[in-house]
Amino acid sequence: MGSMTERRTEVRNMCADMVDVRWNDRTTGKSRHATALLEDISASGACLQLEMAIPVGVEIRWECPNHQFVGRVRYCTYREIGY
């Protein structure tokens, strides 16, 4: 794993769940959405894999049964299989 993993101080729970991520486009203000793979999650963050980039700083939302999550994109990098 890279340096981002080494700096984490808490356990991240590994997942493989598909979620519908929603955010507002900064340019148009319109609601956008995309299907993402929730790879891991902890109390302070989550790793989502998407087919498109979402700008850093944008607030995103997704729901799972009995839970709703809201957060901000801290980094978005391209890897061979997505962002």
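The values are calculated or read from the model by the stated rules, or taken from the named source; none is laboratory data. Please read all numbers here as calculations on a predicted model, not as lab measurements. Cβ placement follows ideal geometry from the backbone for every residue including glycine, while neighbour counts extend to all protein chains displayed. Quick note on the areas: whole protein, heavy atoms, side chains included, nothing else; ligands and nucleic acids left out. Shrake-Rupley method; radii C 1.70, N 1.55, O 1.52, S 1.80 Å.
May I ask you to list the residues in the range 33-69 that are among the aliphatic types (A, V, I, L, M) and either within 19 Å of GLU10 (Cβ to Cβ) or open to solvent by 90 Å² or more (accessible area, probe 1.4 Å) (or both)?
Residues satisfying the conditions are LEU38, ILE41, ALA43, ALA46, LEU48.
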Just to verify a result, which residue in the range 15-32, among those that are among the basic types (Lys, Arg) and farther than 15 Å from HIS67 by Cβ, is surrounded by the most Cβ atoms within 10 Å (Cβ to Cβ)?
ARG32
